[in-house]
Amino acid sequence: MPKVLIADSLSPRAVEIFRQRGIEVDVNTGLKPAELRAIVADYDGVAVRSATKITREVLAVADRLKVVGRAGIGIDNIDVGAATARGVVVMNTPFGNSITTAEHAIALMLALARQIPAADRSTQAGRWEKNRFMGVEVTAKTLGVVGCGNIGSIVADRALGLRMKVVAYDPFLSEDRARVLGVEKVDLKTLFARADFITLHTPLTEATRNIIDATSIHRMRRGVQIINCARGGLIDEEALLAGLESGQVAGAAIDVFAVEPATASPLFGRDDVIVTPHLGASTGEAQENVALQVAEQMADFLLTGAVVNAINMPSVSAEEAATLRPYMALGQLLGSFAGQLTEEPIQSVEISFEGDAAGINTKPVTAAMLTGLLAPLLETVNMVSAPVIARERNMQVTEVTGAHTPDYQTLVRVSVTCNGRARTVAGSLFSGTRPRVVEVQGMVFEAELDGPMLFVRNRDQPGFIGALGRALGDAGVNIASFHLGRAAPGEDAICLVQVDQPIGEALLATVRSLPHVVQAKTIRF
């Protein structure tokens, strides 16, 4: 039975979901790093919000861990690189608090426009400073949305409802999508130059860190107002302070800070700044939604292999998982076969999907194939870490799809290039679920890949099969199955022999010394 640790406060319904799905669950919040490291090896999954840090040190001792689920969007508290290297899937819930965060951004924009917090403080202090708080309308003003994904697109929609003009910067926003949203796609310099209000909705990466700095503030319209409900670190806070003091920036509303909890900041105490303690996702509805989503996603993954909202692995729906499972098994077997035959550094891998295979979600099958391919070279590798390792080793991985294969209803082929020479293995699914190799180096034959096997490439000459059989028999090795293929009479031939006993180095040397043998290797599945 899978076992999950809930390490941060989540809705009790998350516990119910895990238990209803047959998953054992412990709730243990507020753990210190040493306490988490002491127990994490007992769990297949860990669910967190933002408080618990899943660090490289935690992952290093989490030998059983398969998945980390983040109830929310940001994953700053999870070392995704270390998780990927350890083969741990990292999931988040990008949709559960999208509306809540977008509404908070709109609320802060309106509060800035009408100086509501400062007016509230003044009035509650007994002063009636009606003439002091002269706000601005948002109608007909231009809102610049930096990052037009899930949350940014909702903000844009709400702003259009307020009769604002919306310009958006997002490298991944297509012109067609911009038209559907009703926004104008612009570059960042244009957005800074035109926007009356700017709201940030982008993740924190090296490319977006301090996306608003002294230079960008100088490019903005004088009197601009800035809202950040996304991630701390997107704004250079010292540069923002300077912009406020000079009047270049009329106001700022900040929900997130570079260092949190933010108990002190030069931005605090200013009437032209509104600050909130990272409340973007803080509604009852949002907290319930993300807790239920992360529980469902983790349970689906642990029980069925479905992958939803993963940061470091291709998504696989629960429906797809059942269909893809035999293809992933086939891919891993073909990769393992090719990997065990490979003796030189791999330069490139081409995977082709033909017939029915051309219509499936190919990314998980490719990940499974790379896992099999790299497993003979590495002590630990899985579908999460294999694509990353391939990139680190400068392997060029490509996918090709074709609608028709003449001999099989479905076919998957992998071609591995080493030192300029390609080795090709192809396989199919018999009865829809049983993986079989059907071709090696263009030579057709059919074999199940199972148990210890002997692979031999030889020149096709009379008497060779008898000589190989005698060598195995003299060594007391029983043949379970024997599969043959050849390019043409008298040319290259292969045989794949499943045996009941392991083949030692002495026997392998004997096989290699037989006349006409070009290559002989033991392989295991």
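Where a number appears in this text, it was derived from the coordinates with a stated rule and is not lab data. Remember, it's a predicted structure, so these values are computed and weren't measured experimentally. For neighbour counting, all protein chains shown are included, and Cβ atoms are generated from backbone atoms with ideal geometry for every residue, glycine included.
If a spin label sat at a point 7 angstrom from the Cα of residue 518 along the line to its beta carbon, the backbone N atoms of segment 339-366 nearer than 17 Å would be those of 341-344. When both segment 55-76 and segment 194-235 are represented by their alpha-carbon centers, they are found 30 Å apart. For segment 342-419, applying the loop criterion from DSSP together with a ceiling of 14 other beta carbons within 10 Å to the trypsin sites (Lys or Arg not before Pro) yields 393. The phi-based Karplus calculation (6.51 cos²θ - 1.76 cosθ + 1.60; θ = phi - 60°) puts the 3J(HN,Hα) values of segment 446-453 at 10, 7, 7, 9, 7, x, x, 9 Hz, whole numbers, x for Gly and Pro. Other residues within the sphere of radius under 10 Å centred on the Cβ of residue 192, judged by their own Cβ, net out at +3 (K and R +1, D and E -1).
With R₀ set to 25 Å, the beta-carbon distance separating residue 124 from residue 13 gives a calculated FRET efficiency near 0.05.
Exposed loop sites here are GluC sites (Glu not before Pro) in DSSP loop states with at most 15 other C-beta atoms within 10 Å. What is the longest stretch of the chain lacking them? With GluC sites (Glu not before Pro) excluded where exposed in loops, the chain gives 207-342 as its longest stretch. Length gained on full extension, residue 525 to residue 110, computed as 0.36 nm times the residue gap minus the Cα-Cα distance: 143.1 nm. Per-residue Karplus couplings for segment 95-110, computed as 6.51 cos²θ - 1.76 cosθ + 1.60 with θ equal to phi - 60°, are listed in order as 9, x, 10, 5, 5, 4, 5, 4, 5, 5, 4, 5, 4, 5, 4, 5 Hz, Gly and Pro entered as x. Label-to-label distance, residue 422 versus residue 394, with points set 7 angstrom from Cα along the beta-carbon direction: 2.1 nm. Once you divide the Cα radius of gyration of segment 201-343 by 2.2 N^0.38 Å, the number left is 1.60.
Full extension of the segment from residue 24 to residue 317, taken as 0.36 nm per residue of separation minus the current Cα-Cα distance, would add 103.2 nm. Residue by residue, segment 485-494 carries 3J(HN,Hα) couplings of x, 8, 6, 6, x, x, 9, 4, 9, 9 Hz when phi is fed to the Karplus relation 6.51 cos²θ - 1.76 cosθ + 1.60 (θ = phi - 60°); x denotes Gly or Pro. Relative to the dominant Cα principal axis of the chain, helix 464-474 is inclined by about 90°. Amide H contacts of residue 185 (H built 1.01 Å from N, in plane; Pro and chain starts excluded): 168 sit under 5 Å, all sequence-distant by 5 or more or on other chains.
In the chain, the DSSP beta bridges split such that about 50 percent are antiparallel, to the nearest 5. The residue 343 and residue 133 beta-carbon pair, evaluated with R₀ = 56 Å, returns a calculated FRET efficiency of approximately 0.15. Output the 0 to 90 degree angle, nearest 10, between the alpha-carbon long axis of helix 318-341 and the longest principal axis computed from the alpha carbons of the chain. Once rounded, one gets 50 degrees.
Comparing Cα centroids, segment 354-382 and segment 100-167 end up 49 angstrom apart. Given their separation in residues at 0.36 nm each and the Cα-Cα distance between them, residue 32 and residue 160 gain 41.5 nm when the chain is fully extended.
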